[in-house]
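Data block below; observations after.
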Number of protein chains: 2
Amino acid sequence: MDIQTMILGFLMNQDMTGYDIRQKFDMSFGFFSGLSYGSIYPALKKMEAAGLITSQLMIQEGAPNKKLCTITDKGREAFHEAMRAPLGLDKYRNSFMARLFFFAHLEPYERRELAVNYMNSLDKMFEKLREYEPVIRAYADPFELLCFECGLRFAEDVMSNMQDTVKALEESGLDKT
Amino acid sequence: MDIQTMILGFLMNQDMTGYDIRQKFDMSFGFFSGLSYGSIYPALKKMEAAGLITSQLMIQEGAPNKKLCTITDKGREAFHEAMRAPLGLDKYRNSFMARLFFFAHLEPYERRELAVNYMNSLDKMFEKLREYEPVIRAYADPFELLCFECGLRFAEDVMSNMQDTVKALEESGLDKT
DNA sequence: TGCTGCATGTAACTAGTTACATGATTGT
DNA sequence: ACAATCATGTAACTAGTTACATGCAGCA
């Protein structure tokens with residue numbers, strides 16, 4: 001799903017600033033993806049020019065002014081159209097698997113180091129998930145919750161797959177030769 | 001892993017043309033990723049300019065001439081450096097999960113349609129895997145084989161996760177309301 | 001006659017990233 | 001004194017995609 005549709009989806013429920021959108025995105029998909037201001041603000045600009053959203057400046061005291069974005073009817077229509085479009089096949093490019101493919105060219109200790117390294121970074125993903133879990137369980141709609149649980153299981157599966165792969169590496173002695 | 005490193009990895013074992021590299025890539029990572037000529041040829045050009053590879057034109061009769069690429073010492077060094085660099089966390093952006101998050105805005109029949117649709121595209125991934133499996137089992141080195149098996153399990157996990165998610169959708173009645 | 005395979009390449013485009021620039025307020 | 005949070009935005013860059021252009025050989 002492209003950023004535009006994602007942003008429109010968030011705006012379907014409530015008006016938001018670019019800053020809000022980033023927080024919301026981080027909360028919703030942050031454990032397996034990221035979105036920077038460098039792509040949000042240009043996207044909002046383009047969407048306003050295309051008539052998918054409107055914005056109004058909110059003057060604030062003691063905090064920077066902000067631009068609250070509102071979805072238009074045209075925006076709602078664009079969102080629905082994008083949501084109904086057929087899904088393509090994702091590219092689950094996994095950096096560890098790519099390294100594993102070329103492991104023959106590394107020293108055994110380097111193989112172990114990379115594997116441990118990768119599992120540590122997976123752990124960071126779990127930390128984020130655990131951090132968000134209570135808030136999500138409290139505020140998410142049934143589909144958002146299902147999405148979260150799907151993501152949680154996805155992360156668990158990747159983790160146990162990696163653990164078993166590393167175990168296979170050890171048992172076959174390929175981490176020592 | 002960037003294309004350059006991937007290409008260097010393939011060239012570590014044997015000299016190849018851009019065309020060969022595409023075939024090899026498709027065989028090795030094709031079930032979860034893709035690489036087009038539009039990125040291979042410019043990459044090879046850049047790599048030759050950087051001294052990572054050299055190339056020689058092979059004149060052929062009855063077939064178009066080809067440019068066989070050979071890795072240089074500098075290229076081998078660049079490959080090793082990239083292989084030893086620490087791994088970042090991957091972004092497992094999953095298009096179905098993104099849709100699921102916004103499912104509240106769709107009609108129940110549209111939800112079912114998207115879910116079935118996505119599972120069909122996952123099936124295509126399995127078809128490719130099954131097609132390649134015998135060749136890989138015959139020719140792959142132990143690490144390449146481990147990588148393939150890791151990919152196979154990855155695909156199985158995604159599949160069963162999706163199946164259970166769709167089942168949860170049905171059981172909760174959220175596909176009917 | 002038209003499709004598939006072999007083989008190389010360019011041009012225009014899409015979608016994002018990181019780093020930078022600004023600047024007040026609140027908490028440690 | 002220093003960092004974090006709120007808040008918006010630009011510029012330069014990276015990495016890729018799709019569509020196009022070319023052209024011969026072999027097969028059905």
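The values are calculated or read from the model by the stated rules, or taken from the named source; none is laboratory data. Predicted model only: the values in this text are computed from it and were never measured. Glycine also receives a Cβ, built like all others from the backbone with ideal geometry; neighbour counts cover every protein chain displayed.
Values for this structure:
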{"quantity": "All positions within the stretch B:122-141 that are in contact with a helix residue (DSSP H, G or I) (Cβ under 8 Å, 6 or more places away or on another chain), part of a helix (DSSP H, G or I), over 18 Å from residue A:87 (Cα atoms) and not aromatic (Phe, Trp, Tyr)", "calculated": "B:129, B:133, B:135, B:136, B:137"}
{"quantity": "Qualifying positions in the stretch B:90-109 - touching a Lys or Arg at 6+ places or on another chain (Cβ under 6 Å) and surrounded by 15 or more Cβ atoms within 10 Å (Cβ to Cβ)", "calculated": "B:103"}
{"quantity": "Residue count for the stretch B:148-169, restricted to those that are within 7 Å of chain A (Cβ to nearest Cβ) and surrounded by fewer than 18 Cβ atoms within 10 Å (Cβ to Cβ)", "calculated": "3"}
{"quantity": "Residue A:74 vs. criteria over 26 Å from residue A:138 (Cα atoms), more than 13 Å from DNA strand D (Cβ to nearest atom) and among the charged types (D, E, K, R)", "calculated": "yes"}
{"quantity": "Hits in the stretch B:80-102 (condition: touching a residue at least 24 places away in the same chain (Cβ under 8 Å), facing chain A (nearest Cβ under 7 Å) and farther than 16 Å from residue A:33 by Cα)", "calculated": "B:83"}
{"quantity": "The stretch A:21-46 - residue that is under 8 Å from the mean Cα position of the chain (by Cα) and of a type in the set (Phe, Trp, Tyr) and, of those, nearest to DNA strand D (Cβ to nearest atom)", "calculated": "A:25"}
{"quantity": "Among (1) more than 7 Å from chain B (Cβ to nearest Cβ); (2) in contact (Cβ under 8 Å) with a residue 12 or more places away in the chain - the single one residue A:107 does not satisfy", "calculated": "(2)"}
{"quantity": "So residue A:17, is it away from chain B (no Cβ under 14 Å), surrounded by 14 or more Cβ atoms within 10 Å (Cβ to Cβ) and more than 12 Å from DNA strand D (Cβ to nearest atom)", "calculated": "no"}
{"quantity": "Output for the stretch A:50-84, where each listed residue is surrounded by fewer than 13 Cβ atoms within 10 Å (Cβ to Cβ) and under 24 Å from the mean Cα position of the chain (by Cα)", "calculated": "A:81"}
{"quantity": "Yes/no for residue B:52 being away from DNA strand C (no atom under 13 Å from the Cβ), within 25 Å of residue A:97 (Cβ to Cβ) and at pLDDT 95 or above", "calculated": "yes"}
{"quantity": "Among residues of the stretch A:35-49, those that are within 12 Å of DNA strand C (Cβ to nearest atom) and exposed (fewer than 14 other Cβ atoms within 10 Å of the Cβ), counted", "calculated": "6"}
